[in-house]
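None of the figures in this text is laboratory data; all of them are computed from the coordinates on show. Since the structure is predicted, the reported quantities are computational estimates derived from the model, not experimental observations. Every residue, glycine as well, gets a Cβ built from its backbone with ideal geometry; the counts of neighbours run over all protein chains shown.
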Amino acid sequence: MIKSISDTAVLQNGLKMPWLGLGVYKAEEGQEVIEAIKHAVAAGYRSIDTASFYKNEEGVGEAVKQVDVPREELFITTKVWNTEQGYEETLRSFKESLKKLDMDYADLFLVHWPVSGKYKETWKALETLYKEGKTKAIGVCNFKIHHLEDLMKDCEIKPMVNQVEYHPRLTQKELLAFCKDHQIQLEAWRPLLKGEIFDEPILMALAEKHNKTVAQVILRWDLQNGVITIPKSVNENRIKENADIFDFELSMEDMEQIDSLNKDLRNGPDPDEF
Ligand SMILES: NC(=O)c1ccc[n+]([C@@H]2O[C@H](COP(=O)([O-])OP(=O)(O)OC[C@H]3O[C@@H](n4cnc5c(N)ncnc54)[C@H](OP(=O)(O)O)[C@@H]3O)[C@@H](O)[C@H]2O)c1
């Protein structure tokens with residue numbers, strides 16, 4: 001039972017990763033992302049999810065300097081973008097990310113998408129960075145089961161995290177079970193479907209039953225499925241709202257009702273076609 005914002009998942013290598021983090025995709029570089037992170041840290045968040053692609057790593061780094069919490073108590077994730085994949089290119093991209101973040105290590109470094117013909121070389125670079133202690137954990141995003149199987153045939157270190165699109169319209173049961181079997185922590189991106197599911201009657205009824213918002217019900221469902229979640233917001237009230245999910249519990253029936261909303265529907269691209 002996850003009871004507090006400071007509760008953590010334990011990755012395959014023993015590293016603790018907060019169950020809840022702040023996503024900053026589309027949070028503008030500069031003041032917008034800095035303010036969002038300050039509000040989040042004040043609300044108890046300790047994990048921030050950025051990427052070279054988001055073009056806001058400098059703001060993330062600046063925010064980390066401005067908050068009252070020491071760097072080592074924060075969990076910073078960044079990612080290598082598709083056009084930066086390959087062994088040497090990935091090493092360069094990581095160096096560039098750290099420079100922008102103005103940090104000497106990352107907590108988690110992820111392959112952003114499984115670029116066909118490239119991701120294995122990219123992964124080797126992540127293994128190197130991990131062995132050198134420049135990132136405390138390594139993982140992938142948007143890997144389907146066949147990508148994970150293919151990577152694990154050759155890799156030295158298994159991915160510790162797989163960050164994928166995951167919400168009540170895309171419940172990814174098979175992938176979740178596969179990841180659990182292989183000690184790969186699943187992490188949900190676009191958990192709130194950008195709000196596009198907030199008028200769903202089953203979710204509205206559950207929100208009313210628990211005296212919570214639909215966003216809170218969905219995020220709680222993530223946690224109870226053992227999935228790390230990183231809702232994005234730049235709004236102070238919504239940042240707080242999304243963190244107020246530790247004082248209630250969905251019943252088995254509630255969980256099943258949410259599962260029943262699955263339509264295998266992607267909001268973002270299909271990893272096989274991107
Ligand atoms: N690895 C990948 O390929 C990948 C892809 C996409 C996303 N991600 C990561 O996952 C994070 C989350 O996904 P996302 O940003 O695409 O979508 P999301 O978190 O599902 O939704 C974010 C949107 O919902 C709004 N919102 C947030 N909380 C709300 C609330 N309580 N009530 C009403 N509206 C709310 C936000 O607006 P306001 O900001 O105005 O509150 C924003 O427009 C990203 O920021 C990024 O870090 C990773």
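Kirkwood hydrodynamic radius computed over the stretch 124-227 comes to 15.2 Å, based on all pairs of distinct alpha carbons.
Taking the empirical scaling 2.2 N^0.38 Å for compact globular proteins as reference, the stretch 161-213 has a Cα radius of gyration ratio of 1.34. Report the Cα centroid-to-centroid distance between the stretch 231-271 and the stretch 26-97 in angstrom, as an integer. The stretch 231-271 and the stretch 26-97 have Cα centres spaced 23 Å from each other.
For the stretch 40-183, the spread of Cα positions along the three principal axes, ordered from largest to smallest, is 42, 38, 24 Å. Estimated from the Cβ-Cβ distance and a Förster radius of 41 angstrom, the FRET efficiency linking ALA205 and ARG266 is about 0.95. Rounded to the nearest 0.05, what FRET efficiency do SER251 and GLU196 give with R0 = 25 Å and r taken as the Cβ-Cβ distance? Could you check? With R0 = 25 Å, the Cβ-Cβ based efficiency is 0.45. For the stretch 15-116, the percent of C-alpha pairs falling in each 5 Å distance bin, counted from 0 to the bin holding the largest distance, reads 2, 14, 26, 25, 18, 10, 4, 1, 0.
Label points 7 Å out from Cα along the Cβ direction at ASP7 and THR128: separation in nm? For the pair ASP7/THR128, the computed spacing is 4.0 nm.
Could you tell me which of the pairs LYS65/LYS120; LYS134/LYS180; LYS38/LYS144; LYS144/LYS240; LYS65/LYS194; LYS38/LYS99 are separated by over 23 angstrom between their Cα atoms in the structure shown? Correct reply: LYS65/LYS120; LYS134/LYS180; LYS38/LYS144; LYS144/LYS240; LYS65/LYS194. Largest mean-square fluctuation among GLY14, GLY44, GLY61, in a Gaussian network model of the chain whose springs join Cα atoms under 10 Å apart, belongs to GLY14. Compare the Cα positions of LEU186, ASN237, MET152 along the charge dipole of the stretch 141-258 (+1 at Cβ of Lys, Arg; -1 at Cβ of Asp, Glu; about the Cα centre) and return the one farthest towards the positive end. My answer, from the dipole projection, is ASN237. Using a cut-off of 15 Å between alpha-carbon atoms, which aspartates and glutamates can reach LYS26, once sequence neighbours fewer than 8 places away in the same chain are excluded? Cross-link targets: GLU35, ASP49, GLU57, GLU58.
The chymotrypsin sites (Phe, Trp or Tyr not before Pro) of the stretch 41-114 include none that meets both conditions, a loop assignment by DSSP and at most 14 other Cβ atoms within 10 Å of the site Cβ.
Over the chain, what is the mean sequence separation of C-alpha contacts under 8 Å (at least six apart), divided by residue count, expressed as relative contact order in percent? Contact order relative to length: 20 percent. Size check on the chain: the Cα extents along the three principal axes, sorted descending, read 53, 42, 31 Å.
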